[in-house]
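The values are calculated or read from the model by the stated rules, or taken from the named source; none is laboratory data. Keep in mind it's a predicted model, so treat the numbers as computed, not measured. When we count neighbours, we look across all protein chains shown, and the Cβ atoms used for this are built from the backbone with ideal geometry, even at glycine.
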Amino acid sequence: MKCMRKVALEFDETKIKREPSGSSKGGQFTSKNGGSSTQRGKQEKPTYETSFQKRGISGDNLLDQMDKIDVFKNSGATVNNDGTVVVFHHTNKNSGDTINKTGNIRGAEDGVFFTTKEDGVAKDFGDSIISANIPIELLEIDDDFGDELHLRIPTDKIGQNVDISKFLNKKQKSVDRETISRKVIEKYPQLGEEFVAQQIEESIGLRENAGMANKELQNNLNENLEGVIISGRVKEIESMVGKLARQPENFNTVADLHDVSGVRVTADNLNGINSSLEYIRNNYNVVEEKDNVEDHRDGYRGYHAIIEDESGVKSEIQIRTKTQDTWAKYVHERVYKPSNHKVKQYVENNKELITNYIIGMSDYFHNNEKGISIDKPNCPETLEIELGCM
């Protein structure tokens, strides 16, 4: 492929254009033993046509897909009997965890990219490997390395979201209750073992419901909001139970939490926040709102809306601009969660300097978004060395 991009996106399968590949070799398909594909017995492609027809593929398009199977298999791809292709997507651990949890991949280019070889030329693009069985009609060849294909699911626009949840090959991980309990109690001994055990059990069911609500919410926002990037997550059990210790005045049990399902809407500008918020208010049951756009919270800016669906599942929607998102990620990754002990000590010893800088940058970004020109805050030399500047 032109380059194996570390890219991905989430998608609405019904919107993918399924154009003929243009590589039809004719209407007769012959197996290696010389038999026609219409023959039964030791047939190489026993269920392809039936599976394609079930997916609404017929006529010339069906013939094209059958030819694609030959092309894919000749280049070393594994094609399942239902016409799906075993593909791999290499990414970093955080992105891999997100894809496995939500089934969603977001891309910065015009498609989601895969390879047919797990340890092929794309292996350097990340240690986390996502495996999926993708219907061949959704895939286009981006590059052919002889024994390895680089493929993509094309999309209509950059940043489009692709849902591959029903195609993922992932082992269902059982909940390690003992490990979660030990970690929570080590950190928050005041909760007690019995209470923690109860909350872990309750969290398992809550996360299952939140996962379904989260996926549906992301899909709907992707369908109806323009010029935004949608992402989401379901809160981990350890974090859910831990929040009861961190905010005992607000939450008694995990059932009280309103952010087990969380979705972020990243807009281009302040107008994008307003239009997104208008859609959410008009189409969801908004039970709580918090505006930190104009009046920041320790520099953080964004708009939060908590919605509740018909089944009683609450989701927190964070709406912020790209610059607000840049600010928030910088502070979270470098100030709140330092990468090593040395950086952690620097943060501890320079709180005032760091606070002045990050709040100054928050004001700088916000004024720029409103069309007001102010001087960019100076980034102290020591901060630039230890944390880097925005």
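Among the listed residues ALA255, ALA245, which satisfies the condition of being among the small types (Gly, Ala, Ser), more than 30 Å from ILE158 (Cα to Cα) and at pLDDT 95 or above? Spell out how you get there, then give the answer.
Details: ALA255 fails: at pLDDT 95 or above.
Sole residue among the options that is among the small types (Gly, Ala, Ser), more than 30 Å from ILE158 (Cα to Cα) and at pLDDT 95 or above: ALA245.
Condition check: within 26 Å of LYS370 (Cβ to Cβ) and polar (S, T, N, Q). Does ASN222 satisfy that? Let's see the steps before the verdict.
Working: within 26 Å of LYS370 (Cβ to Cβ): no; polar (S, T, N, Q): yes.
The answer is no for ASN222.
Output the residues belonging to region 288-306 that are closer than 19 Å to VAL234 by Cβ and touching a His at 6+ places or on another chain (Cβ under 9 Å).
Result: ILE306, single match.
Among what's in region 286-343 and is among the basic types (Lys, Arg) and surrounded by 19 or more Cβ atoms within 10 Å (Cβ to Cβ), pick the residue that is farthest from ARG264 (Cα to Cα).
As a first pass, look at region 286-343 and keep what is among the basic types (Lys, Arg): 290, 297, 301, 314, 320, 322, 329, 334, 337, 342.
Applying the additional criterion that residues be surrounded by 19 or more Cβ atoms within 10 Å (Cβ to Cβ) yields 301, 314, 320, 334.
Details: ARG301: 13, LYS314: 14, ARG320: 8, ARG334: 20 Å.
Here the residue is ARG334.
Does GLU226 fit the bill of being in a loop (DSSP other than H, G, I, E, B) and modelled with pLDDT under 95?
Yes: the conditions hold for GLU226.
Sort out for me the helices (runs of 4 or more DSSP H) sitting completely within region 300-390 that have 3 or more residues that are over 24 Å from GLN218 (Cα atoms).
Numbers: elements: 322-330, 341-349, 351-369, 381-386.
Of the helices (runs of 4 or more DSSP H) lying wholly inside region 300-390, those with at least 3 residues that are over 24 Å from GLN218 (Cα atoms) span 341-349, 351-369, 381-386.
Within the set of pairs 6 or more residues apart or between chains, which connect a residue that is assigned by TED's automatic domain parsing to the domain that holds PRO135 inside region 51-63 to a residue that is modelled with pLDDT under 90 and not in a loop (DSSP other than H, G, I, E, B) with Cβ atoms less than 6 Å apart?
Going by the 6 Å Cβ cut-off, the qualifying pairs are LEU62/PHE52.
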